[in-house]
Each structure stands twice: as C-alpha cells, then as structure tokens.
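Here the structure comes first, spelled out in structure tokens, and everything after it is commentary.
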Amino acid sequence: MKERILSELERIERERDVRILLAVESGSRAWGFASPDSDYDVRFVYAHRLDWYLSVHEPRDVIEEMLPGDLDVSGWELRKALRLFAKCNLAFNEWVGSPLTYRADPAFRERLTALLPRYFNAIAGTHHYRKMAERSLEDNFVDGRIGIKKIFYVLRPLLACRWIKHLQSQPPTEFSRLVAAEWVSGEERRWIAKLLEEKAGAVEAHPIALGEGRASAIRAELAGYESPAETPPAEKAGVDALNGVLRGWVQR
C-alpha cells in the first residue's frame, strides 16, 4: 500500500503541476488504533509554481481524490494550510505530528514544528477535543454499548484534553503517547490495553459493553473542560513568520 500511495502522490504532482511538501497518514492509522478494515487517509500539503499566486482570483486550493481500495487522498494548498495553522487548526497540527510519513521536505516540517507552540491555543484546543469526545459518546453509546472503534473516538480526545490541561501544548498525534502520560492511571491503561487487543481483530462496528458508571465518569470529566478559565489565551503570534514560510517554499 505504501508503494501505491507514493505512486499516487507522484501522479498528483505530475498531473496538477504541484510540489508536495508533506504527505502523511491521518485518522486511526496515524493515531495507532486502526481496525483490519480501516481506510487509508492520506493528507498532504502542496505548493504551486509562483505564477499561480499572481492571480486576481484565487483558484481552488484543495485536491481531493477517493481512489479504489479504501484510499482517501486529500491535500491543502500551502497558503490555505498556513492560514489554518495560524488559527490553530487541530487537524493540520496533527498532520505535522503524524508518525506515519509518506513524503516530507524535512526543513518544511521542522519549521512548522518549531512554530507550532507560537500558534497553539489551549482554549481552542480543549474546546475542539472536548466537543469531539462528547459528540462521539452521545451519538454512539446506546443501551450500555458502544462500537469498538467509537470508544477510541471518545478516549483519544478525552486524553488530549488532559494533555492540554497539564502541559498547555499540542497533544501528540499518537494515542500511545497520550495513554503513557503520568496523569493516566494504571487501571485506565490496563482497560485501554484490553480494548486495543480486542480492536486489533475486530471490525469497526463490533460492539462492546461500556458500563454506565464509566460513561458517567467520562461525561463528568468532559464537563469539567467546558470553561477552562485557568487556561490563559494564546498571545497573538502574527503572521510574519508564516509569510516567510509561504514565500520561502513557493520561491524554491
């Protein structure tokens, strides 16, 4: 599959006349809890030639292709990506930190990684992950049961909220690093390890029992993140640094 993904990325560069600066896996495969039937979700950032940017009208700034074999390939043009980065777009931040990389300009990724703390907003991040966990629990917990995949769509953002609470920084993309944090109890780690073992051999819709007691504890913790008053808002970082990134990689 990796060879096929690399081939598709090369084709996109050739057909669209763009240069891919970063291409990674996102979603459950990047997070570390893919099911046997999980799709491949490839996300990338690309730059056009300089002339593309010298236009009265802004052309389409995304590339999206659904390919056979459960391969979802989608990319953002560099200027669009940097605008979202400046607004603390958590999805893009997770691309930057993805452990599964298909293509990368090392200097580009290193620059974004270095800039991420300047543009990360702890309040926005907490709100994003809290809402994600609440929505997944509300939509999928029925009669004491929840799909094996969906429980991880509750647990991962929940632990991301904890990470932000303790460190005021972008949570890691990998679920394993969230679980390994010192504020995750031994009992929680053992329970999650059993869930991961069960998920490894189950289809995504496989249901598991989730007691009302544990569900109530999750709801209560999420409710505690609704007003993170102790979290100071991020300072306005400005866009000069991101303008430098845009100009530097477009002109290369």
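The values are calculated or read from the model by the stated rules, or taken from the named source; none is laboratory data. Note that the structure is a prediction, hence the values are computed from the model and not measured. No Cβ is skipped: glycine too gets one built from the backbone with ideal geometry, and neighbour counts run over all protein chains shown.
Against the list (1) closer than 26 Å to Leu242 by Cβ; (2) over 16 Å from the mean Cα position of the chain (by Cα); (3) surrounded by fewer than 19 Cβ atoms within 10 Å (Cβ to Cβ), the condition Asn140 fails is (1).
Out of curiosity, is Ile123 at pLDDT below 95 and of a type in the set (Val, Ile, Thr)?
Spelling it out, Ile123 is indeed at pLDDT below 95 and of a type in the set (Val, Ile, Thr).
Within region 36-76, if we keep just the residues that are in a strand (DSSP E or B) and aromatic (Phe, Trp, Tyr), the residue that is surrounded by the fewest Cβ atoms within 10 Å (Cβ to Cβ) turns out to be Tyr40. For region 23-35, does any single residue satisfy the condition of being over 19 Å from the mean Cα position of the chain (by Cα) and in contact (Cβ under 8 Å) with a residue 24 or more places away in the chain? Within region 23-35, not a single residue is over 19 Å from the mean Cα position of the chain (by Cα) and in contact (Cβ under 8 Å) with a residue 24 or more places away in the chain.
Rundown of residues vs (1) in a helix (DSSP H, G or I); (2) touching a residue at least 40 places away in the same chain (Cβ under 8 Å); (3) of a type in the set (Gly, Ala, Ser); (4) under 30 Å from Met1 (Cα atoms), yes/no style:
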| site | (1), (2), (3), (4) |
| --- | --- |
| Ala81 | yes, no, yes, yes |
| Leu84 | yes, no, no, yes |
| Glu94 | yes, yes, no, yes |
| Phe108 | yes, yes, no, yes |
| Arg111 | yes, yes, no, yes |
| Pro117 | yes, yes, no, no |
| Arg130 | yes, yes, no, no |
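For residues that are aliphatic (A, V, I, L, M) and not in a loop (DSSP other than H, G, I, E, B), scanning just region 16-35, find the one that is surrounded by the fewest Cβ atoms within 10 Å (Cβ to Cβ).
The residue in question is Ile20.
Considering Glu58, Glu64, the condition of being touching a Ser or Thr at 6+ places or on another chain (Cβ under 7 Å) and over 25 Å from Arg130 (Cα atoms) is satisfied by Glu64 alone. Considering Leu115, Leu158, the condition of being in the same structural domain as His206 (by TED's automatic domain parsing) and aliphatic (A, V, I, L, M) is satisfied by Leu158 alone.
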